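What follows is a set of notes on a single structure, which appears directly below.
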Amino acid sequence: MTDQPDPSGPRQKVVRVPGSRRARLTPVPGTDTDPETAATQKPITAPPRAPKGPKGPNDDRLMQDVPPHY
């Protein structure tokens with residue numbers, strides 16, 4: 001059995017935005033319409049990597065290089 005939304009409940013409507021290629025959805029009653037801002041979010045940081053052996057002469061340069069697709 002699949003979980004289907006209640007058809008009798010409130011639904012969002014698609015609203016065309018003039019001059020835009022994207023449409024907008026109306027908010028559903030009982031939801032928060034304010035997006036989270038970057039100031040309220042905790043920054044994501046990668047955990048430090050443990051070295052796997054002695055440091056080589058090119059290690060610093062390789063860690064600073066950015067792949068070409070960035």
Check whether at least one residue in segment 2-9 is modelled with pLDDT of 70 or more, assigned to a loop (DSSP other than H, G, I, E, B) and of a type outside the set (Gly, Ala, Ser), and report yes or no.
no
So which residues in segment 31-67 are in a loop (DSSP other than H, G, I, E, B) and at pLDDT 80 or above, if there are any at all?
Gly53, Pro54, Lys55, Gly56, Pro57, Asn58, Asp65
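The values are calculated or read from the model by the stated rules, or taken from the named source; none is laboratory data. Because the structure is a prediction, the values reported are computed rather than measured.
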